[in-house]
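Q: Structure incoming, see below.
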Amino acid sequence: MIAHEHRVLMGEYGRAQARCSAQLAAQAARIAQLESELMRARAQVVIRDTQLALARDALADLAASVPGLPTRARLARKVEWLGERVQDLMRELLRLQWLPAPALQADVREKAVLYVGSYLTQDAGQAADGALMAQQAVEQAGGRFLHHAGGDDGADDAAALEAGLVAADLVICQTGCVSHDAYWRVHDHCKRTGKQCVLVDQPQAMHFVRKEALAAF
């Protein structure tokens, strides 16, 4: 019985030894694989660092060859940001300062209405544009129609626009056919005086002016 138990124990011992040997071999293979991956990763890091160093050297050479380049780059980025900010503020300013064309409701009886914009479209054969529409509607409603083309023809033209703005009770500006200077003169005057202003971008937008739709302002 002792000899039998000894043989059984020796068999179990042999099998345990085989399992340990297999596990050690698997672990050794895994360690070798991880070491190989680590070497490849280190090589990639070395390549990346080398490329980064070369790029930095090239950038330094470029900056040295162009005096003030970093400052110019920063200014260019700032100018781009400021341009976007100005556009955002302009849109917000128009939203807050100007009444949308369809929202205009005004009693123009015995009132002076200044229309800033040209009479004619590019094609002289077409129907009258926003200025004529506004003139007809204002005069039919009993108002006094004033007009300025919104051009930029020097001091006399600017003085005429300013006089019209002072005389007007209501200002309508067709943005698509006025000069930049005229637009900002209208905007500044109405903002300073609190005068009601309406901004339209298309002549067809003046169809909303109807005698029966006018109410006190």
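The values are calculated or read from the model by the stated rules, or taken from the named source; none is laboratory data. All values reported here derive from a predicted model rather than from experimental measurement. Ligands, DNA and RNA are excluded from the accessible area calculation, which covers all protein heavy atoms including side chains. Shrake-Rupley method; radii C 1.70, N 1.55, O 1.52, S 1.80 Å.
Q: So if each residue of separation counts as 0.36 nm, and I subtract the Cα-Cα distance between Arg109 and Ala16, what length gain in nm does that give? Numbers along the way, then the final one.
A: Working: separation 93, 0.36 × 93 = 33.48 nm, distance 11.03 nm.
The Arg109-Ala16 span can extend by a further 22.5 nm.
Q: Moving to a separate point now. Note the full-extension length gain between Gln140 and Gln33 as 0.36 nm times their separation in residues minus their Cα-Cα distance, in nm to one decimal.
A: On the way: separation 107, 0.36 × 107 = 38.52 nm, distance 9.24 nm.
So the extension gain works out to 29.3 nm.
Q: Now for a separate question. Cα atoms only: what Rg and Dmax, in Å, come out for the stretch 147-192?
A: Expressed in Å, the Cα Rg and Dmax of the stretch 147-192 come to 9.5, 25.
Q: Measure off, as a whole percent, the carbon and sulfur share of the 1.4 Å-probe accessible area of the stretch 1-65, all protein chains present.
A: Details: 3800 of 5830 Å².
The value for the stretch 1-65 is 65 percent carbon and sulfur by accessible area.
Q: By what distance, in whole Å, do the Cα atoms of the stretch 1-65 stretch along each of the three principal axes, largest value first?
A: Its Cα atoms span 96, 10, 6 Å along the three principal axes.
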